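See structure below.
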Amino acid sequence: MTTGPSDSRKSARRRTLKAGKVILPNGAVIDCSIRDISETGARLEFAAVIVLPSEFDLLIVSSQTRTAAELLWHRGLNAGIRFR
């Protein structure tokens, strides 16, 4: 994985603060905050440093929207994802 956000985003991200849940392929769930979001991806923030797989599902709690996601970058408590 790369270590920083991409400068070639296809759509602008909007700042937000929504509760999210990363759903891993094995069914485990990790709570996160969605800090930025766009039509094509988001920046997630975690309470602790974790290891994420390259693919997982993201649940946006407020809308109960679940979507497949791909990890683009991961640095410290933050991760950038692309919706699949």
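Table for the structure above
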quantity	calculated
Where Ala48 falls short, out of the listed (1) surrounded by 14 or more Cβ atoms within 10 Å (Cβ to Cβ); (2) under 17 Å from Leu77 (Cα atoms)	(1)
Residue in segment 26-35 that is among the hydroxyl-bearing types (Ser, Thr, Tyr) and part of a strand (DSSP E or B) present	yes
Criterion: modelled with pLDDT of 95 or more, over 17 Å from Arg84 (Cβ atoms) and part of a loop (DSSP other than H, G, I, E, B) - qualifying residue of Ala19, Ala48	Ala48
Condition check for Asp57: touching a residue at least 12 places away in the same chain (Cβ under 8 Å), assigned to a strand (DSSP E or B) and over 16 Å from Asn78 (Cα atoms)	yes
Pair list, Cβ < 8 Å and 6+ apart or interchain, from segment 66-84 residues that are under 15 Å from Gly20 (Cβ atoms) to residues that are acidic (Asp, Glu) and not in a strand (DSSP E or B)	Phe83/Glu39
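The values are calculated or read from the model by the stated rules, or taken from the named source; none is laboratory data. Everything quoted here is computed from the prediction, not taken from an experiment. Glycine gets a Cβ as well: all are built from the backbone with ideal geometry, and neighbour counts include every protein chain shown.
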